[in-house]
1. Hey, can you tell me all the residues within the stretch 79-111 that are closer than 20 Å to residue 186 by Cα and modelled with pLDDT under 90?
2. Filter the stretch 151-186 down to residues that are assigned to a loop (DSSP other than H, G, I, E, B) and modelled with pLDDT of 90 or more and give me whichever is nearest to residue 203 (Cα to Cα).
3. Which residue pairs have Cβ atoms under 8 Å apart, sit 6 or more places apart or on different chains, and have a first residue in the stretch 193-222 that is more than 14 Å from residue 147 (Cβ to Cβ) and a second that is part of a loop (DSSP other than H, G, I, E, B) and at pLDDT below 60?
4. Could you grab me the full set of residues in the stretch 54-86 that are surrounded by 14 or more Cβ atoms within 10 Å (Cβ to Cβ) and either under 30 Å from the mean Cα position of the chain (by Cα) or not assigned by TED's automatic domain parsing to the domain that holds residue 118 (or both)?
């Protein structure tokens with residue numbers, strides 16, 4: 001996943017990912033329906049005005065990303081990529097809101113990646129104008145900015161048709177198998193843009209929203225071997241003991257019946273188990289218990 005460092009170097013690269021853009025957009029449409037009904041979205045609505053209040057002068061923007069020059073801002077303004085308010089007609093000082101600065105960071109990365117201005121215009125439009133199907137406008141930039149501030153490690157996915165969607169790293173890693181088509185996508189680290197607005201204050205991300213969180217849920221090779229033993233239905237009992245860096249796994253299987261001496265000898269000679277126990281009652285061999293212990 002391409003990301004830009006917390007410094008000022010530009011290391012974002014286009015990424016080719018697997019999900020089909022139309023299917024991805026359908027899943028995303030369903031997802032924002034869910035977000036629209038949450039308490040966190042009601043918080044977003046309350047913060048909408050504050051997130052869009054002009055507050056940053058150009059000097060502040062440049063301190064966030066020194067690659068954004070006043071000349072670039074003027075050019076992007078002429079191309080209708082951004083909007084800003086001036087303090088007065090005389091001074092001409094521009095002021096940008098939090099959402100506008102985040103848009104500047106996105107546009108800067110898209111330009112760096114070589115995305116043409118027509119596509120950037122469409123992407124900007126889709127970022128600012130997402131609607132619930134047959135419903136009201138969804139404040140997606142504002143909402144996912146708030147989500148990042150609440151610890152959701154969020155990425156921005158841009159499809160070749162310029163549609164946009166926001167996912168946590170965990171969600172998108174899970175969705176990467178929904179299609180076999182090779183639809184190239186640009187993936188941008190939206191969480192990093194919000195983080196840069198905070199400068200030295202680090203966001204503590206919820207592990208379940210990160211790709212690392214997903215990997216942590218996957219069993220290691222050692223754990224997989226233990227699970228293979230546990231899921232064998234013939235075992236009556238499996239005992240697992242932790243021994244430093246390894247595990248001692250003891251498995252036990254019972255066979256019941258009136259065993260002949262020949263059957264007992266076959267069980268012993270098979271050497272499939274390290275321990276063979278025979279329970280007898282009145283001279284009858286009723287329970288044959290076979291145990292093995294392995295280190296994984």
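The values are calculated or read from the model by the stated rules, or taken from the named source; none is laboratory data. The shown structure was predicted, so the numbers you read here are calculated from the model rather than taken from an experiment. All Cβ positions, even for glycine, are placed from backbone atoms using ideal geometry, and neighbour counts span all protein chains on display.
1. Scanning the stretch 79-111 gives a single hit, 81.
2. Keep residues of the stretch 151-186 that are assigned to a loop (DSSP other than H, G, I, E, B), which gives 151-153, 160-163, 176-183.
Applying the additional criterion that residues be modelled with pLDDT of 90 or more yields 151-153.
Values: 151: 6, 152: 9, 153: 9 Å.
Per the stated criteria, the residue is 151.
3. Pairs found: 196/6; 211/1.
4. Scanning the stretch 54-86 gives 61, 62, 64, 65, 67, 68, 81, 82.
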